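The structure appears below as structure tokens.
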Amino acid sequence: MAGRADSTVLAGARVVLPTGTVENGRVIVEGTRIAGSTPEGARTVDLSGHWVVPGFVDMHNHGGGGASFATGTAEDVLTGARVHREHGTTTVVASTVTGDMDFLARQAGMLSELVEQGEIAGVHFEGPFIAPCRKGAHSEGLLRHPDPAEVRKLLDAARGTAKMVTLATELPGGIESVRLLAEHGVIAAIGHTDATYEQTVEAIGAGATVATHLFNAMPPLGHRAPGPIAALLEGERITVELINDGTHLHPAALQMAYHHAGAGRVALITDAMDAAGVGDGRYQLGPLAVEVKEGVARLVEGGSIAGSTLTLDTAFRRAVTVDRIPVDDVVRSISANPARLLGLYDRVGSLDPGKDADLVVLDADFAVRGVMRRGEWIVEPPLG
């Protein structure tokens, strides 16, 4: 933990820019920003043999380090965010889980203060407006239809910091709620849904732009009833979230998503819960008990997968080394695409001059060796 980098030149690494990878590249940091020219007296750090990529942006994350974004205190949220930063996620959206509406409103109010302080990037409401038959690790007794008035209540509670709401858009009020979200500049995400192909196309037409953890918590692809997956993959405005932990998706499913959607429409997420960065044991996801064994989180009752224990550095490394996705495409999926969706691309998501100095140093095996956030080293890189 080295603190503020001040004027620093990171030299000799493979640097991934929006235009492609630059061999023996340079990233110049001045204060909290990426600079376009080298300041006088700048210190040079030799990162030969490493990669420098933009800081990761996680738009769907429920916690980590034993702390919950969905039910925890402000201190818990800071703990979880810190753990994910150490794994390269310099921008994180805090995701809730299904709960009582009044509790969700109070939690959103607390999270909004942390957004205003710059600790997290926004609030994502996952539930309670989801299909009971596709509820996954959500409490069925607290589910409800997406009444636009209740959706609006959560948006108001978040005081302008809501970034995304996941809905089963086929439920009563679903299409109206999608339109409401679009009017307020909030992402309408289709997820935990039992929609048909036709119903999904209607929701996309109404303004939905994200598929919440594609393939999971939705009907499988069928040759006579293609369901939501086909509609979401072919929808040119839809960005598909993928949880690349080796449990939620078979590699062939991930390859299918990249093939049909293209790298410009994929966002790698964690959907992490408290256990991320901690290990096996018993946890809570909202009101539900979860047991983590060998890194896989499942509900104690029923055995449904309950989020993940993933961090984005692992998702990155797996995408490159197991799934053979080109590095440039993985960077788009893990940084630029979610930053654009969240309306943050003017500040984060690439290594362009003028943006926040958020970056990750990876070694030749794509393990994290350094993390900088706003010009401050969270993880100190090897010094050259």
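Quick note: the coordinates plus some simple rules give every number you see, no bench work behind them. Because the structure is a prediction, the values reported are computed rather than measured. All Cβ positions, even for glycine, are placed from backbone atoms using ideal geometry, and neighbour counts span all protein chains on display.
Computed values, structure above
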{"read-out": "For segment 204-226 and segment 262-318, distance of Cα centres in Å", "value": "21"}
{"read-out": "Nearest-ten-degree value, helix 312-321 long axis tilted from longest Cα axis of the chain", "value": "80"}
{"read-out": "Shape of segment 56-341, Cα gyration tensor, a/c cut at 1.5", "value": "rounded"}
{"read-out": "In segment 225-287, trypsin sites (Lys or Arg not before Pro) in a DSSP loop with at most 12 other beta-carbon atoms within 10 Å", "value": "237"}
{"read-out": "Helix 101-116 vs. the chain, principal-axis angle (Cα, 0 to 90°, nearest 10)", "value": "20"}
{"read-out": "Counted charge near residue 213, where neighbours are those whose Cβ lies closer than 10 Å (Asp, Glu -1; Lys, Arg +1)", "value": "-3"}
{"read-out": "Sites residue 33 and residue 280 - FRET efficiency at Förster radius 45 Å, r taken between beta-carbons, to 0.05", "value": "0.65"}
{"read-out": "DSSP bridge pairs, the chain: antiparallel proportion in percent, nearest 5", "value": "55"}
{"read-out": "Relative contact order [Cα under 8 Å, 6+ residues apart], segment 56-341, whole percent", "value": "19"}
{"read-out": "Check: segment 56-341 dipole with +1 on Lys, Arg Cβ and -1 on Asp, Glu Cβ, in debye", "value": "380"}
{"read-out": "Angle in degrees between helix 251-261 and the longest Cα principal axis of the chain, rounded to the nearest 10", "value": "90"}
{"read-out": "Farthest positive-ward along segment 264-370 dipole, Cα basis, beta-carbon charges - from 342, 306, 359", "value": "342"}
{"read-out": "Per-residue [θ]222 nm for the chain (sum of -39500 (n - 2.57) over DSSP H runs n ≥ 4, rounded to 500)", "value": "-7500 deg cm²/dmol"}
{"read-out": "Estimated distance in nm for a label pair at residue 46 and residue 179, the labels positioned 7 Å out from Cα along Cα-to-Cβ", "value": "6.4"}
{"read-out": "Partner lysines for residue 163 [C-alpha distance under 20 Å; skip if fewer than 8 residues away on the same chain]", "value": "153"}
